[in-house]
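Undergrad: One structure is given below, represented as structure tokens, and several questions about it will come after.
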Amino acid sequence: MASAVRAVSELVEEARLKFVQEFGEEPQLAACAPGRVNLIGEHTDYNDGFVMPMALPMVTVVVGKQNSGHDVCIVTLNEDADQPRRVDFNLQTDLVSGKPRWANYVKGVIHHYRAPPVPGFRAVIVSSVPLGGGLSSSASLEVAFYSFLQQIKPDDGNEVAKAIACQQGEHSHAGVPCGIMDQFVAVLGKKDHALLIDCRLSMEAKPVPLLDTSLVILITNSNVKHSLSGSEYPTRRRQCEQAAVSLGKVSLREATLKELEEAKDRLDEVTYKRACHVIEEIQRTEQAAEALKSGAYKEVGKLMVESHNSLRDLYEVSCPELDELVAAALEVEGVFGSRMTGGGFGGCTVTLLQANAVDKTISHIKEQYSGNATFYITTPSEGAQALSFSS
Ligand code: GAF
């Protein structure tokens, strides 16, 4: 059985009750932002390439109230065993990275908020996005917080700039040199659509309809996260930048496979493999968007499998658990394609399949997988939103 996704209204009520319990008054403002699953286009965003994610019905909710002064107090209801669930800091003296780690994502957003200075506030966070599961719980927290701040003190409402500010916050305060995909889709996600995002400076996004009810997007959480996931990401970014320099390009988006082949003798094997993945993955992503639009699901599935194999063999960011989940899914009739999604080294797979194949696919994966997987059947949802309290 797939896990049920908690309703946003239920999360708001849970956060509201906690706020009243902690602070002895009602919160006045609330906002939420979704996690995401990337259908295809992995490790292409920081190479100016294409990605095709969709926003999830799982969200992070922030409720709160402005304070007089410059003090901030935030309580999280998220399970994050080794970390304190409450943080207090002063906006003028303490807006620096530290512990608990989850608060660094919030501090980064405050630091890069586009209508400074931010006044003091109290807030409670709760999320239905699995933490550290490769569904971008961090971008969902950042964007939910930014959306909360917009209610305290509005900025100019530029949504791309909002996504970039959240990304900058993750770079500066969480120390993760992420691309723009996760924050972008957390802000601009569109119900019933995936987004084909061109991650060059112009940042154009084309909605790709996903309305066919005979088609299902199944997320399978491996429930493992290998420690490599933190350190290998910046390494991959550096390798791509070096590859682009070697090819005389601003980014790998500008390079062709022909140019890569011509330069092969000058490149070391690892650089070649990384560049090859990125150049081919950018092409696959554009092709998959076209195929999805025309209902050519077998073609989309084939491209997803090629993407997974490339992430495993050329980009080397998969792991045995993700490979096992993909292999098991592909054994079931009615499955079009399956691949790891997100940064890699654990987290989730995404599988495209016929609606009537869902039950047998879940049972088969459960039987085959050596670990303990969790399943979510998911539909494309809206990006960040301001919320109200139901009376
Ligand atoms: C992580 C990053 F945050 C994204 O920007 C992206 O690079 C992804 O890994 C890989 O496609 O989620």
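Undergrad: Going by average Cβ density within 10 Å per residue, which order do the peptides 200-213, 35-48 take, highest to lowest?
TA: The packing order, highest mean first, is 35-48, 200-213.
Undergrad: Right, here's the next one. May I ask you to derive the FRET efficiency for Ser388 and Arg86 from their Cβ-Cβ distance with R0 = 25 Å, giving the value to the nearest 0.05?
TA: 0.45
Undergrad: Which of the three applies to the stretch 148-219, rounded, prolate or oblate, going by the alpha-carbon gyration tensor with a ≥ b ≥ c and a/c under 1.5 meaning rounded?
TA: Prolate is the answer for the stretch 148-219, as a/c is 1.5 or above and a/b outweighs b/c.
Undergrad: Need the full-extension length gain, Leu131 to Gln28, defined as separation in residues times 0.36 nm minus the C-alpha distance. One decimal, nm.
TA: The Leu131-Gln28 span can extend by a further 34.4 nm.
Undergrad: Tell me, what % of the accessible area of the stretch 215-378 is carbon and sulfur with a 1.4 angstrom probe?
TA: Using a 1.4 Å probe with all protein chains present, the stretch 215-378 comes out at 48 percent carbon and sulfur.
Undergrad: Students often check this: by mean Cβ neighbours within 10 Å, which of 311-324, 66-79 ranks highest, and how do the rest follow?
TA: 311-324, 66-79
Undergrad: If you add up the charges near Gly371, with Lys and Arg at +1 and Asp and Glu at -1, over every other residue whose beta carbon is less than 13 angstrom from its beta carbon, what do you get?
TA: That works out to -2.
Undergrad: Distance between the C-alpha centers of the stretch 294-352 and the stretch 8-43? Whole Å please.
TA: 30
Undergrad: By the scheme Lys and Arg +1, Asp and Glu -1, what is the net charge of all other residues having a beta-carbon under 10 Å from that of Asn309?
TA: -1
Undergrad: Then there's this: To check my understanding: the extent here is largest minus smallest coordinate of the Cα atoms along each principal axis. What are those three numbers for the chain, in Å, largest first?
TA: The Cα atoms of the chain stretch 62, 49, 37 Å along the principal axes, largest first.
Undergrad: If you don't mind, there's one more thing I want to ask. Counting only heavy atoms of protein chains, what accessible area per residue, in Å², does the chain have with a probe of 1.4 Å?
TA: Roughly 41 Å² per residue, with all protein chains present.
Undergrad: Where in the stretch 297-315 is the amide nitrogen less than 15 Å from a point lying 7 Å along the Cα-to-Cβ axis of Glu259?
TA: Under cut-off, by backbone N: nothing.
Undergrad: So how long is each side of the stretch 169-326 along the principal axes, counting just the alpha-carbon atoms, biggest first, in Å?
TA: Largest to smallest, the principal-axis extents are 49, 35, 35 Å.
Undergrad: Still on this model: Please list 365-372, 335-342, 247-254 highest first by mean number of surrounding beta-carbon atoms within 10 Å per residue.
TA: Packing order, densest peptide first, comes out as 335-342, 247-254, 365-372.
Undergrad: For the stretch 54-130 and the stretch 241-278, write down the distance between their C-alpha centroids in whole Å.
TA: Their Cα centres are 40 Å away from one another.
The values are calculated or read from the model by the stated rules, or taken from the named source; none is laboratory data. Just so we're clear, the structure is a prediction, and the values are computed from it rather than from any experiment. Glycine gets a Cβ as well: all are built from the backbone with ideal geometry, and neighbour counts include every protein chain shown. What goes into the accessible areas is simple: the full protein's heavy atoms, side chains included, and nothing from ligands, DNA or RNA. Shrake-Rupley method; radii C 1.70, N 1.55, O 1.52, S 1.80 Å.
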